[in-house]
1. Neighbouring Cβ atoms within 10 Å as the yardstick, rank S99, S301, S116 fewest first.
2. Given the pairs K199/K268; K38/K108; K244/K285, which are separated by over 24 angstrom at their Cα positions?
3. Beyond 18 Å, what share of the Cα-Cα pairs of the range 245-290 remains, rounded to the nearest whole percent?
4. Once you keep just the Cα pairs under 8 angstrom separated by 6 or more residues, what percentage relative contact order results for the range 27-188?
5. How large is the charge dipole for the chain, taken about the Cα centre, if only the Cβ atoms of Lys, Arg (+1) and Asp, Glu (-1) carry charge, to the nearest 20 debye?
6. Figure the gain on full extension for N179 and L240 (residue separation times 0.36 nm, minus the Cα-Cα span) and round it to one decimal in nm.
7. Tell me, what HN-Hα J-couplings in whole Hz come from the Karplus equation 6.51 cos²θ - 1.76 cosθ + 1.60 at θ = phi - 60° for each residue of the range 199-213, using x for Gly and Pro?
8. Are there any GluC sites (Glu not before Pro) in the range 36-71 that are in a DSSP loop and have at most 12 other Cβ atoms within 10 Å? List them by number.
Amino acid sequence: MIKILPQWLVLGCAVVAIGVAQTATAKVNVFTCEPEWKALVEELGKDHVKAFSATTAYQDPHHIEARPSLIAKARRADLVVCTGSELEIGWLPILLRQSGNAAIQEGKPGYFLASSLVERLEVPETLSRSMGDIHASGNPHVHLDPYRLQHIARSLAERLQAIDPEHSTFYQQQFTDFNQRWSQSIKQWEVIADTLKGKKAVVYHRNWSYLLSWLAIDAIADLEPKPGLPPTSAHLVSLLKTVKEQKPDFILVAAYQDTKSARWLSEKSAIPVVSLPFTVGGNKKADNLFALYQNTLSLLSTAGD
């Protein structure tokens, strides 16, 4: 004889089953400030994480608003991964405070600032408003040094293990795999890097300091008269003299930057403008961290061809 269960019991069992399934498939919600950290989280977490980036490669991460939609994302986050070193100083503290999420506040396991884990370039000895937009903790754009990024990846894997201990072995395995592939890629990239040593560049903001330090490329001038200040006509005229004397190999701009001043200087000096992705998503080819580096080196090595 087949027994028919009461409808309330059937519904109750269904709810329990859904709850168990949701628990089994629950992912770590990760709020990242920039695309490079979203890409790194996804390399290390794969299907165990759900990552979101507050910015795209076509936005300046210095200047973002703590919009209600971002606050809502932060409210649900288990982990926040950002650059730090004052890069997000204008919006991240507001976002964290208004999220009301105790798990992601400073000092908690859910709070991760990548640049704080590595040595930083250009740490100022003194600070003054007259110096422009100077970061007190040093240059924040650490993701463009492959060795620093490798160190950050190790620490981030450890943090994911702490946040989600149930999958600790998985995160360790993912880091081991990433680390091996990254180390092998560095060897390949440095073959190309050897051809770039000693070249000269005009930069637009100090976005490129870590990249140029790694590649042994000399930044001879900056389109900004002072960090954070847009190029002026008078400054560009003075740059033209410097460029004609020192003959740099390229003028570097990021995907999110206005190229008008760079193009003016290029037209006057015949020095090529190279638009680099700067971060993941900065062009169609730079769709992951490995491709970001490969594409950046390719663009630099073929500049002027």
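1. S301, S116, S99
2. Listed pairs above 24 Å: K244/K285.
3. 37 percent
4. Once normalised by length, the contact order is 21 percent.
5. 480 debye
6. Between N179 and L240, full extension yields an extra 17.7 nm.
7. 6, 10, 9, 9, 10, 10, 6, 8, 4, 9, 4, 6, 4, 5, 5
8. E65
A short reminder: the numbers here are calculations on the coordinates, not readings from a lab. Note that the structure is predicted; figures quoted are calculated from it, not measured. Here Cβ is always computed from backbone atoms with ideal geometry, including for glycine, and neighbour counts include all displayed protein chains.
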